[in-house]
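Each remark here refers to the structure printed beneath this line.
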Amino acid sequence: MKRVILIAYGELTTKKGNRNFFVKTLYENLKAKLQGTPCEITKDLSRMYLTFEEKDQDLILDVINHTFGILTYYFAYQMENDVEEIKKRIVDIMNLEQFQTFKIETKRSNKDFPIPSLEFSRMLGGVVLKNIEGISVDVHHPDVTCFVEIRRDFTYIYTKPMKGIGGYPVGTQPRGMLMLSGGIDSPVAGYLAMKRGILLDAVYFEAIPHTSLEAREKVITLCQKLAKYTSKIRLHIVPFTELQEAIYKNCESSYCITIMRRMMYRIMERLAKKNHAFAIINGESIGQVASQTLTSMKVINEVTCYPVIRPVCCLDKLEIIDLARKIDTYETSILPYEDCCTIFVPKHPVINPNLEAAKKMEESFDYQSMIETLLKNIKTISVTDVKKETFQDLL
Amino acid sequence: MIRMIYLDYSATTPVRDEVLDTFVKVTKQYIGNPNSLHKLGMDARMLMNEATRQIAQLLQVREDEIIYTSSSSESNNLAILGTVLKYPNRGKHIVTTRLEHSSILETVRFLEKYGYVIDYVNVLEDGRIDIDDFCRLLSKETILVTIGSVNSEVGVIQDIKRIAEIVKDYPTTFLHVDGTQAVGKIPVNLDGIDLFTFGAHKLHGLPGIAALVKKHNVEIEPLIHGGKSQSRYRSGTPTLALIASFAKALRLELADLSKKQIEVLKLNRFLTQSLQQIDGVVINSNNHCLPSIINVSVPSIKPETMLHALEAHDVYISTKTACSGEGDLSDPLVAMGKSQEIANSSLRISLSSETTLEEVKQFLKIFEQCVRELKIK
């Protein structure tokens, strides 16, 4: 019996006029991720069908479990729209299940099929009862519900729903620029942003020699983990050393972090413009550190008119950690390499900075030209999660 | 008819085609130094990291706990000397056994010159260490316990879990386990072990690459200085092709391990039963030993004579181990209380999961013939 994976869309079905666009994006995303794996995806307005070779099952499940836009999916058995065939198969399928009570639910979108849904359910129920011992029908609280979907080309029978990760397909929103430091919060922020369909670029501020190449590698690894949810992520590496040193030389130490963040936002805005992105995304969480108090945020945010999305801003640290574990970034995030936010941390950073004071300090050195120079020296690399497969034949 | 019969897998194993493929491909395709900052270096480093991740996963340790070395001997040296160099002010007492590989025994003997006191745990008749004696020897002064998981000559398997539990009560004592003969043969569990040695060429991998697992909460001093390479505990340009081939060899060796164990056990039973029936052959291995190692003595025949007689039939086994030191007596057999006659006439037959029953039968025929002929002379 041929098995296919039947994918039910999540919130996509509420999109009316845009539904096609959402479905198409999900379709393209799955296709891109499954490139090189022999499988076929067909789609219609309410379902996607994925045919695959049994040996690839684990790989395909891994892809499905990392693709936004999938609410539920089923392993469904595919057969011809033939009454006798269906009767025979349904017994085989139900024999694989462990249950005492069951019900059959038929959906007949193919109105050419001669038997109406309710009647067909009753008929199939009778067949199952007759062929499997010790079971009964319970239409209210069955142990197993067996779905029979009669569609134009084929009939599909399936039982257990499996949960996808929901959200919107990545790419249904335009690009957003994620500030990825290497800590616990920013990868989670990136994940949540992608969950709402945002196409993600990551930006890493690097202060070599104060930060090491290991720190950069760590960020690349984080990107790889995030790339599992899309097909690739562009990572922009910003050479921040000169500007950061200038800040510490020219500004009051308590204001250094405030001003550093303002500089970062300025650079983020420039990068967003250049890359046709519409938002800045980061892992700020209200009150977590001095630069993340509301007063700090206001002073820092003042340099940009771009929306700054802070997906984890209202989560507790422990909630963020839970998510980080779920998306497998936690263990990487806690590797002990310095990033540019942890070096030069003043003893007493200002908690309630004053905008005018910050502006005045910034006037004391020519940061604009430094920003121009560093923008010219940004390195962009494309990070995919396929590295495992590339090395597969070697390892 | 089988041409050559190789039953010396505990000395080294022939490399698998897939492993050699990896070595060749990586050598040709990844020309960058993993420590270079350009793209070629980055690609090489990514491959190295992935290989390390794979090895770490297979052994259930952390990636940063793997240190690559050139051989198990080097790993053993690094473990022992690295520990004592790091903690010169701790106790100067080391506990080991007479069953160890020469790269351990020679290294601790070398340390005697520097004031270290070495104690050798008593060994029971079956080859396992005397746990009571072991407990008696341990003290606050003990800086290191080094005990092999599986002895290479007789194949005795030590209860490492129990040993680790005992050492746990001594917070300043490190436990080093030489797992060279164990990995790929029996399931290994590194819980409670501070330092762990294993190498590729016993796993159908290439010689020239081995590793020391150093738990992240353990510090050692490097023996080869020169800055950070793959690990700051061992300098030298990482041998990427060997590292990748090592990861592959380990993966392939550990696949279906329990199935392979059963296959080897079957061969072992057949071989042991058949050898027992040959007049003048004494079996030294017992059921505490690794099924792939069968140590026998033929007291009336010099082991070298036996080895060369078999060699004339294109059959290859070992006398003692390929790399044990000078002297005719087998240290492990002496430690197990065997007579001198037995200890200086021991032979090691070692199997692999690739050994066939046909090979074993053929071997027995030739072995019996050699014993018969040589005894008459």
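Derivation of every value follows stated rules applied to the coordinates shown; laboratory data play no part. Every value quoted in this text rests on a predicted model; they were computed, and no experiment measured them. Don't worry about glycine lacking a Cβ; one is built from the backbone with ideal geometry, like all the others, and counts go over all protein chains shown.
Pairing the Cα long axis of helix A:256-274 with the longest principal axis of chain A, what angle in degrees results, from 0 to 90 and rounded to the nearest 10?
60 degrees
Considering only the protein assembly as shown, what is the antiparallel percent among its DSSP beta bridges, to the nearest 5?
On the way: 56 of 103 bridges.
If we restrict to bridges inside the protein assembly as shown, about 55 percent are antiparallel.
List the lysines whose alpha-carbon lies under 26 Å from that of B:Lys320, not counting same-chain residues fewer than 8 positions away?
Hits, sequence-local ones excluded: B:Lys185, B:Lys202, B:Lys260, B:Lys266, B:Lys302, B:Lys338, B:Lys361, B:Lys365, B:Lys375, B:Lys377.
Which of these, B:Gln29, B:Gln60, B:Gln261, has the largest mean-square fluctuation under a Gaussian network model of chain B (Cα springs below 10 Å)?
Largest GNM mean-square fluctuation: B:Gln29.
Residues of B:246-254, mean number of Cβ from any other protein chain within 10 Å of their own Cβ, rounded to a whole number? Could you put the intermediate results ahead of the total?
On the way: counts 1, 3, 4, 0, 1, 1, 0, 0, 0.
Per-residue shielding by partner chains comes out at 1.
Pick out which of A:Pro169, A:Pro187, A:Pro349 has the largest mean-square fluctuation in a Gaussian network model of chain A, springs linking Cα atoms closer than 10 Å.
Its mean-square fluctuation being the largest, the pick is A:Pro349.
Using the Karplus curve 6.51 cos²θ - 1.76 cosθ + 1.60 with θ = phi - 60°, what ³J(HN,Hα) values do you get for each residue of the range A:324-338, in whole Hz, with x for Gly and Pro?
4, 5, 4, 9, 6, 9, 4, 4, 6, 4, 8, 4, x, 9, 5
Equivalent-ellipsoid semi-axes (√(5λ), Cα gyration tensor) for the range A:169-391, whole Å, largest first?
On the way: eigenvalues 145, 69, 59 Å².
Working from the Cα gyration tensor, I get semi-axes of 27, 19, 17 Å.
Out of every Cα-Cα pair in the protein assembly as shown, what percent are more than 52 Å apart? Kindly include the intermediate steps, with their values, before the conclusion.
On the way: 99281 of 297606 pairs.
That fraction is 33 percent.
Near the amide H of B:Ile129, under 5 Å away, which other amide H atoms are found, from residues 5 or more places off or on another chain, if H is placed in the peptide plane?
B:Leu124, B:Asp159
If you find the alpha carbon centre of the range A:295-336 and of the range A:69-131, how far apart are they in angstrom?
So the separation of the two Cα centres works out to 47 Å.
Of the candidates B:Ser352, B:Ser70, B:Ser292, which one comes out as most mobile in a Gaussian network treatment of chain B with C-alpha springs shorter than 10 Å?
Of the options given, B:Ser70 has the highest mean-square fluctuation.
Cut-off is 10 Å between beta-carbons; in what order do A:Lys376, B:Lys92 appear when sorted fewest neighbours first? Numbers along the way, then the final one.
Working: A:Lys376 8, B:Lys92 17.
Ordered by Cβ neighbours within 10 Å, fewest first: A:Lys376, B:Lys92.
Sorted from fewest to most neighbouring beta carbons within 10 Å, what does the list A:Lys2, A:Lys232 look like? Display every interim value, and only then the final one.
Working: A:Lys2 9, A:Lys232 15.
Exposure proxy ranking, most exposed first: A:Lys2, A:Lys232.
Among B:Glu359, A:Glu53, rank each residue by its count of other Cβ atoms within 10 Å, from fewest to most, as a rough exposure measure. Don't skip to the answer; put the middle values down first.
Numbers: B:Glu359 18, A:Glu53 11.
Listing B:Glu359, A:Glu53 from fewest to most nearby Cβ atoms yields A:Glu53, B:Glu359.
So which of B:Lys92/B:Lys214; A:Lys225/A:Lys317; A:Lys228/B:Lys39; A:Lys232/B:Lys228 end up more than 27 Å apart by C-alpha? Write down the numbers at each step before the final one.
Numbers: B:Lys92/B:Lys214 21 Å; A:Lys225/A:Lys317 20 Å; A:Lys228/B:Lys39 22 Å; A:Lys232/B:Lys228 31 Å.
Where the Cα-Cα span goes over 27 Å, the pairs concerned are A:Lys232/B:Lys228.
Quick check on packing: order B:337-350, B:111-124 by the mean number of other C-beta atoms within 10 Å, highest mean leading.
Numbers: B:337-350: 20.5, B:111-124: 15.5.
For the peptides B:337-350, B:111-124, the packing ranking is B:337-350, B:111-124.
Restricting to chain B, what percent of DSSP beta bridges are antiparallel, rounded to 5? Mind showing how you got there, number by number?
Values: 22 of 41 bridges.
Antiparallel bridges: around 55 percent, rounded to the nearest 5.
Within 10 Å of each Cβ of B:53-66, how many other protein chain Cβ atoms are there on average?
What the average comes to for B:53-66 is 1.
In vacuum, with every alpha carbon of the range B:17-254 counted as one equal point scatterer, what does the Debye formula give for log10 I(q)/I(0) at q = 0.10 Å⁻¹? Two decimals, please.
Ignoring solvent entirely, the Cα scatterers give -0.46.
Specify the inter-centroid distance of the range B:342-377 and the range A:145-212, based on alpha-carbon positions, in whole Å.
62 Å
If you line up the long axis of helix A:19-33 against the longest principal axis of chain A, both from Cα atoms, how many degrees apart are they, to the nearest 10?
In chain A, helix A:19-33 runs at an angle near 80 degrees to the longest axis.
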